[in-house]
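Encoded as structure tokens, the structure appears first; notes follow it.
The values are calculated or read from the model by the stated rules, or taken from the named source; none is laboratory data. In this text the structure is predicted, and so the values were computed from the model without any measurement. Positions of Cβ are generated from backbone atoms using ideal geometry, with glycine treated the same way; all protein chains shown enter the neighbour counts.
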Amino acid sequence: MSLEGFRRLDPDDACQLIGAFRRKAREQGWPEADIDGVCEALDARHAFDELSRHIEPTDPEAVSWGTQFRRMRDYVEGFRVLMDDHQAVFHPFRFYARGFKVALRGGSR
């Protein structure tokens with residue numbers, strides 16, 4: 001999984017990172033209990049540092065409309081993990097709009 005473009009302390013990026021981590025772990029056959037164990041104590045400020053220990057870096061995937069929809073689903077799943085983090089201020093609409101701008105430009109991440 002690529003960590004390129006994730007901002008370490010951004011709560012919205014933390015949501016997407018957590019959701020993407022959970023999706024990729026399932027694809028790799030991790031038991032749900034292990035995934036929950038890694039994610040249960042996360043907060044938005046420490047998600048990047050905690051999860052990066054479990055992630056094998058790869059090249060970023062090409063941006064398409066499909067990857068942007070996956071990105072949004074990842075965000076929602078990550079938000080479910082972080083929704084009790086009262087220190088974080090989430091901006092989901094800004095996050096979604098940023099992804100669509102990237103898809104329209106045809107860039108990565």
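Checked against (1) of a type outside the set (Lys, Arg); (2) more than 12 Å from Asp12 (Cα to Cα); (3) without any contact (Cβ under 8 Å) to a residue 40 or more places away in the chain; (4) exposed (fewer than 12 other Cβ atoms within 10 Å of the Cβ), Asp59 passes all but a single condition, namely (3).
For the stretch 51-66, filtered to residues that are over 11 Å from Leu17 (Cα atoms) and β-branched (Val, Ile, Thr), the residue that is modelled with the lowest pLDDT is Val63. Among the criteria (1) more than 15 Å from the chain's Cα centre (by Cα); (2) surrounded by 15 or more Cβ atoms within 10 Å (Cβ to Cβ), the one Leu3 does not fulfil is (1).
Note on the stretch 1-52: residues that are of a type in the set (Phe, Trp, Tyr) and either touching a strand residue (DSSP E or B) at 6+ places or on another chain (Cβ under 6 Å) or assigned to a loop (DSSP other than H, G, I, E, B) (or both) total 2. Looking at Phe79, Phe100, Phe48, Phe69 in this structure, which one is surrounded by fewer than 17 Cβ atoms within 10 Å (Cβ to Cβ), within 13 Å of Ala20 (Cα to Cα) and either modelled with pLDDT of 90 or more or not polar (S, T, N, Q) (or both)? Exactly one of Phe79, Phe100, Phe48, Phe69 is surrounded by fewer than 17 Cβ atoms within 10 Å (Cβ to Cβ), within 13 Å of Ala20 (Cα to Cα) and either modelled with pLDDT of 90 or more or not polar (S, T, N, Q) (or both), namely Phe69.
Count of the stretch 83-98 residues, restricted to those that are touching a residue at least 40 places away in the same chain (Cβ under 8 Å) and assigned to a loop (DSSP other than H, G, I, E, B), is 6.
Residue-wise test of (1) of a type in the set (A, V, I, L, M, F, W, C); (2) under 15 Å from the mean Cα position of the chain (by Cα).
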site: Ala41; (1), (2): yes, no
site: Asp49; (1), (2): no, yes
site: Asp84; (1), (2): no, no
site: Val89; (1), (2): yes, no
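Scanning the stretch 53-82 for residues being in a loop (DSSP other than H, G, I, E, B) and within 20 Å of Ala25 (Cβ to Cβ) gives a total of 9.
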